[in-house]
Amino acid sequence: MVLGVQHDRALEISLANPLAKKVETIPFDHANGRVLATSLTSHVDDPRFDNSAMDGFAVRASDCKQKLSTLIIVGTSQAGGEQPPAIGPGQACKVMTGAPMPAGADAIVMVEDTKTDQDRVTILGPARTGYIRRRAENLAKGQEALPAGATLTSAVLALAGTMGYGEVEVIKKPKIAILSTGDELVRPGTELAPGQIYESNSHALASLVESMGCQAVRHESMNDSMDELRATLDKLSGYDAILTSGGVSMGEWDLVRRIMEEEGDISFWKMKIRPGGPPLFGTWNEKPLFGLPGNPVSSLVVFHVLVAPWIASSLGYHEEMGPRVSRRVSVILEEDVAGAQGKLCLRRIRIRSDNGQLLATTHTHQGSGNMHSMVVHNGLTLLPPDTDGKAGEVVEALWLS
Ligand code: AMP
Ligand code: MG
């Protein structure tokens, strides 16, 4: 077991026990929000054939050089219809948006720029080749257009459909168990006895787990008891990974740490970050287990800087297009922000976009029990150890979503 690791080392160590990646093939109709397991190449040319970008007339540009040329209409090209007749000199074909170009035509005149009289059309405006959408100008058959690890969100879904995918191979959602520990915790909405508080961490962690493309399995919070903890961890090790909250500090009742030390397998304990110093990582019955701190802010902060990147790396999420709960950005501090001695300092900040710049301010106090501060703020500084941030300075930060 390694004691007190820097942030990047903690991630490296935890990735020695990654989340198992499994894949499944699902119907395209159910693919919304899922994550591609493989890259996708197009089954078709897009567009499949030269077609018109406008409602109008397909013409030969050379016939329309003179003002008010009149052409004979030889047919109509409709989207989804049959291939229209070819046109010769002096002829035009009515064409709808998306309908195939007739052979012999090399330009389109918009319907607004024409006047029709029975089977004749007078050309009043420009004949443009630019109004033709060329076969495969977007994508050629066989071309790779979607990377593995991308979330199937609106445009990605639409492109997979455009490319002809009736089913997709996606990453099977890992099941991640969430367990809060602490004698003082009770379910929100129930009567509080003296000394009790409402349990909230498991809800926040479940939300983050789901946003990272996994299935959260929330267990009822449990008392600080070695026997109960052992039995529950045994049960939860049937899932793909376990997140616990609470019980990893130095206290006498910090039993997650104790049971992991005595009966589990700890890879590291304590990270050099503030807030969120006491987490541990290891395995219970071979399953990866993160012991997150109980302090509500700390548990979320550690998820953001450790668990989220661990999930993303384990499952091969695409950096830009995959599921994520934060984005790394550079921000300009609007006030001095104190760093932390020997530790990566994750101050809560509120990031806003102003005139092309991202500005960061702080509000409320930064206590690690103050969940209100995680709502008022929407970001975390990534101040390197022993580094203060000064007003006007550019610093790295996580913009939380
Ligand atoms: P612990 O890490 O168990 O020492 O807990 C640190 C602090 O966080 C204590 O004040 C706990 O009451 C609080 N806490 C622990 N777990 C939770 C939870 N699941 N929801 C809300 N507060 C918690
Ligand atoms: Mg506790």
Note on Ala177: of the conditions (1) touching a strand residue (DSSP E or B) at 6+ places or on another chain (Cβ under 8 Å); (2) within 16 Å of ligand 2 (Cβ to nearest atom); (3) in contact (Cβ under 8 Å) with a residue 40 or more places away in the chain, unmet is (2)
Do we find that Ser207 is more than 12 Å from ligand 1 (Cβ to nearest atom) and touching a helix residue (DSSP H, G or I) at 6+ places or on another chain (Cβ under 9 Å) in this structure? no
Applying the selection to segment 166-189, what residues are more than 16 Å from ligand 1 (Cβ to nearest atom), surrounded by 15 or more Cβ atoms within 10 Å (Cβ to Cβ) and farther than 17 Å from Asp234 by Cβ? Val168, Glu169, Val170, Ile171, Lys172, Lys173, Pro174
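Conditions (1) under 30 Å from Leu243 (Cα atoms); (2) at pLDDT 95 or above; (3) open to solvent by 50 Å² or more (accessible area, probe 1.4 Å); (4) outside any loop (DSSP other than H, G, I, E, B), marked per residue:
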| site | (1), (2), (3), (4) |
| --- | --- |
| Leu19 | yes, yes, no, no |
| Glu24 | yes, yes, yes, yes |
| Asn32 | yes, yes, yes, no |
| Arg48 | no, yes, yes, no |
| Gln66 | no, no, yes, no |
When (1) part of a loop (DSSP other than H, G, I, E, B); (2) surrounded by 15 or more Cβ atoms within 10 Å (Cβ to Cβ); (3) out of contact with any helix residue (DSSP H, G or I) (no Cβ under 8 Å at 6 or more places or on another chain) are applied to Met54, the one that fails is (3)
From Pro84, Pro89, residue being in a loop (DSSP other than H, G, I, E, B), without any contact (Cβ under 8 Å) to a residue 60 or more places away in the chain and buried (at least 17 other Cβ atoms within 10 Å of the Cβ): Pro84
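So that you can scan it fast, the table gives a plain yes or no per residue for (1) of a type in the set (A, V, I, L, M); (2) outside the structural domain of Leu233 (by TED's automatic domain parsing); (3) touching a Leu at 6+ places or on another chain (Cβ under 9 Å):
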| position | (1), (2), (3) |
| --- | --- |
| Asn285 | no, no, yes |
| Leu292 | yes, no, yes |
| Ser299 | no, no, yes |
| Pro309 | no, no, yes |
| Gln341 | no, yes, no |
| Arg348 | no, yes, yes |
| Gly356 | no, yes, no |
| His372 | no, yes, no |
Restricting the search to segment 1-17, which residues are of a type in the set (A, V, I, L, M) and part of a loop (DSSP other than H, G, I, E, B)? Met1, Leu15, Ala16
Going by what's in this entry, would Arg352 be described as at pLDDT 95 or above, outside any loop (DSSP other than H, G, I, E, B) and touching an Asp or Glu at 6+ places or on another chain (Cβ under 7 Å)? no
Under 6 Å between Cβ atoms, which residue pairs at least 6 apart in sequence (or on different chains) link something in segment 218-230 that is open to solvent by 50 Å² or more (accessible area, probe 1.4 Å) with a partner that is within 15 Å of ligand 1 (Cβ to nearest atom)? Arg218/Ile178; Arg218/Ser202; Arg218/Ala206; Asn223/Asp183; Glu228/Met222
Test: residue in segment 265-277 that is at pLDDT below 95, farther than 19 Å from Ala206 by Cα and surrounded by fewer than 23 Cβ atoms within 10 Å (Cβ to Cβ): yes
Please go through segment 180-198 and give me each residue that is out of contact with any strand residue (DSSP E or B) (no Cβ under 7 Å at 6 or more places or on another chain) and away from ligand 2 (no atom under 15 Å from the Cβ), ordered by number. Arg187, Gly189, Thr190, Glu191, Ala193, Pro194
From the list Ser249, Ser245, which residue is modelled with pLDDT under 95 and either of a type in the set (A, V, I, L, M) or outside the structural domain of Met371 (by TED's automatic domain parsing) (or both)? Ser249
In segment 286-330, how many are within 17 Å of Thr153 (Cβ to Cβ) and assigned to a loop (DSSP other than H, G, I, E, B)? 9
Looking at Gly142 and the list (1) over 17 Å from the mean Cα position of the chain (by Cα); (2) on the phi < 0 side of the Ramachandran plot; (3) in contact (Cβ under 8 Å) with a residue 24 or more places away in the chain, which single condition is not satisfied? (2)
Tally the residues that are within 18 Å of Val301 (Cβ to Cβ), hydrophobic (A, V, I, L, M, F, W, C) and surrounded by fewer than 16 Cβ atoms within 10 Å (Cβ to Cβ), restricting the search to segment 372-401. 2
Here is a list: Ala145, Ala127, Ala86, Ala79. Which entry is among the hydrophobic types (A, V, I, L, M, F, W, C) and assigned by TED's automatic domain parsing to the domain that holds Thr38? Ala145
(1) touching a strand residue (DSSP E or B) at 6+ places or on another chain (Cβ under 8 Å); (2) more than 15 Å from ligand 1 (Cβ to nearest atom) all hold for Asn201 apart from (2)
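The values are calculated or read from the model by the stated rules, or taken from the named source; none is laboratory data. Keep in mind it's a predicted model, so treat the numbers as computed, not measured. Cβ coordinates were reconstructed from backbone atoms using ideal geometry, including for glycine residues, and neighbour counts include every protein chain displayed. SASA here: full protein model, heavy atoms, side chains in, ligands and nucleic acids out. Shrake-Rupley method; radii C 1.70, N 1.55, O 1.52, S 1.80 Å.
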